[in-house]
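Contents: one structure, followed by commentary.
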Amino acid sequence: MKPIISPWLIYSASRADNLTTFFGMIAGICGVIAMCALFAGLTGYNEPFKFRKTISKLIIGCVVMTIITIMTPNTETIYTMAVVNEITPDNIQTIGKTGKDVVDYITDQIDKIVNDKEEDKK
């Protein structure tokens with residue numbers, strides 16, 4: 001029997017929040033280093049733009065990582081996208097609930113299964 005949702009999707013979804021945190025930290029680190037390089041260049045009165053290339057690269061990295069952080073979906077969004085792909089109007093009528101209720105129910109069931117497996121490992 002073919003699973004409705006791939007185990008790889010569940011694994012990827014469980015790691016999505018960690019990726020968001022990782023990309024956010026990289027963006028923050030790039031921003032802090034860029035500010036430090038800017039202040040280091042400003043303190044040297046002879047060459048105020050001594051680290052211009054470094055600052056430019058770090059600001060670009062900060063902006064790119066910030067965009068990636070914003071665009072990375074969280075675990076619940078990934079589950080919702082997977083479930084909505086499988087839902088048909090007939091499924092909704094059979095259950096007798098609205099589409100949002102169905103998605104919430106299925107997402108809760110997926111979370112329950114994943115959390116039960118994690119508790120079994122402990």
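The table below lists the values:
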item	result
Breaking point among (1) modelled with pLDDT under 80; (2) out of contact with any helix residue (DSSP H, G or I) (no Cβ under 6 Å at 6 or more places or on another chain), for residue 83	(2)
Filtered residue count, the stretch 95-122, keeping only those that are in a helix (DSSP H, G or I) and either aliphatic (A, V, I, L, M) or modelled with pLDDT under 70 (or both)	14
Inter-residue pairs, beta-carbon under 7 Å, first farther than 16 Å from residue 62 by Cβ and in the stretch 9-37, second not in a helix (DSSP H, G or I), 6+ apart	16/72; 16/73; 16/74; 17/74; 19/72
Cβ-Cβ under 6 Å pairs, at least 6 apart or on other chains, the stretch 58-87 side surrounded by 17 or more Cβ atoms within 10 Å (Cβ to Cβ), far side part of a helix (DSSP H, G or I) and of a type in the set (D, E, K, R)	75/17
Candidates 59, 92 - the one that is modelled with pLDDT of 80 or more, aliphatic (A, V, I, L, M) and assigned to a helix (DSSP H, G or I)	59
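The values are calculated or read from the model by the stated rules, or taken from the named source; none is laboratory data. Computed from a predicted structure; not experimentally measured. Methodologically, a virtual Cβ is constructed for each residue, glycine included, from the backbone with ideal geometry; neighbour enumeration extends over all protein chains shown.
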